[in-house]
1. Name the residue, out of Ser191, Ser183, that is closer than 28 Å to Lys100 by Cβ and of a type outside the set (D, E, K, R).
2. Determine whether the stretch 11-22 contains at least one residue that is within 9 Å of the ligand (Cβ to nearest atom) and either basic (Lys, Arg) or assigned to a loop (DSSP other than H, G, I, E, B) (or both).
3. Could you please give the count of residues in the stretch 144-173 that are among the acidic types (Asp, Glu) and open to solvent by 90 Å² or more (accessible area, probe 1.4 Å)?
4. For the stretch 35-60, which positions are open to solvent by 20 Å² or more (accessible area, probe 1.4 Å), over 17 Å from Phe107 (Cα atoms) and assigned to a loop (DSSP other than H, G, I, E, B)?
5. Would you pick out the residues in the stretch 61-101 that are open to solvent by 30 Å² or more (accessible area, probe 1.4 Å), among the hydrophobic types (A, V, I, L, M, F, W, C), closer than 23 Å to Gly34 by Cα and under 17 Å from the mean Cα position of the chain (by Cα)?
6. Tell me which residues, restricted to the stretch 128-184, are more than 16 Å from the ligand (Cβ to nearest atom) and charged (D, E, K, R).
7. Kindly provide the set of residues from the stretch 13-34 that are polar (S, T, N, Q) and open to solvent by 50 Å² or more (accessible area, probe 1.4 Å), ordered by number.
8. Could you list all residues from the stretch 1-47 that are hydroxyl-bearing (Ser, Thr, Tyr) and within 10 Å of the chain's Cα centre (by Cα)?
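The values are calculated or read from the model by the stated rules, or taken from the named source; none is laboratory data. Everything quoted here is computed from the prediction, not taken from an experiment. For neighbour counting, all protein chains shown are included, and Cβ atoms are generated from backbone atoms with ideal geometry for every residue, glycine included. What goes into the accessible areas is simple: the full protein's heavy atoms, side chains included, and nothing from ligands, DNA or RNA. Shrake-Rupley method; radii C 1.70, N 1.55, O 1.52, S 1.80 Å.
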Amino acid sequence: MHRTVHPPIHRTVHPSILYVGTPVVLIGTLNEDGSPNLAPISSAWWLGWNCMLGFGANSKTPQNLQRTRQCTINLPSVAEVSQVNRLARLTGSDPVPPHKQAKGYTFCADKFGASGLTAEDAELVDAPLVRECPLQMEAELTAAHPFAPETNGSLVALEVRILRVHAHPQLLMEPEGNRINPSKWRPLIMSFCEFYGLGEQVHHSRLAEIPEDLYRPARVKEMMTNAMQETPVS
Ligand SMILES: Cc1cc2nc3c(=O)[nH]c(=O)nc-3n(C[C@H](O)[C@H](O)[C@H](O)COP(=O)(O)O)c2cc1C
């Protein structure tokens, strides 16, 4: 087989971080004494109604999540960037672990107070939702996966099952419907540690032509059927 040889247009680089641009999420958990903790992370991705969350293992949040097996995942929009930024370099760990001290982290017992965000009760889990976040999810831990074994357990990937989703009605395609309108959702993105928003839609998507109902997991269909049966007929 012949391969055309082109002159290289890339060079090998060694960036310290590889945060290539992912949404910021705020993870709500409960501390041992029942007080709420809130942590921004950007290592989160979803498959169906399941989500993988990536943490430095000695942060307070993964410790809380593994102990209580419950959390909330709150997605700020670009409008909440100042509040999110106030959470940066705060930890619920006391004492502050040495590697965080070296980066200028300080202990904070009241992250909601420090950020100016509002805690509200979740419906199914014992963990705080963030009222200002237009998208909120309640979740339970399903698995803890080893990650980057060469770091001797300093990183952990925690898999959670989404139990309930709350959306601000302004994000929806139709007020009574279930579909999020991507043109209205303005997620806060972290790219190489800086904050960005999304630009405008750049192209029509062939994938988006597939009816969304075909993606709905069986357990979510069941939830919807149960919810319809519980709704009183007026
Ligand atoms: C925008 C943003 C994104 C972050 N992404 C991550 C991440 O993906 N994983 C992680 O472990 N920490 C991440 N951090 C750092 C955590 O917020 C930090 O470890 C914090 O101390 C966690 O709080 P806790 O110790 O109370 O759990 C991020 C911080 C900011 C501000």
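1. Just one listed residue meets the conditions, Ser191.
2. Taking every residue of the stretch 11-22 in turn, at least one turns out to be within 9 Å of the ligand (Cβ to nearest atom) and either basic (Lys, Arg) or assigned to a loop (DSSP other than H, G, I, E, B) (or both).
3. Adding up the residues that qualify gives 1.
4. Within the stretch 35-60, Ser43, Gly48, Trp49 qualify.
5. Passing the criteria: only Ala88.
6. Within the stretch 128-184, Arg131, Glu138, Glu140, Glu150, Arg161, Arg164, Glu174, Glu176, Arg179, Lys184 qualify.
7. The one that is polar (S, T, N, Q) and open to solvent by 50 Å² or more (accessible area, probe 1.4 Å): Ser16.
8. Thr22, Ser42, Ser43
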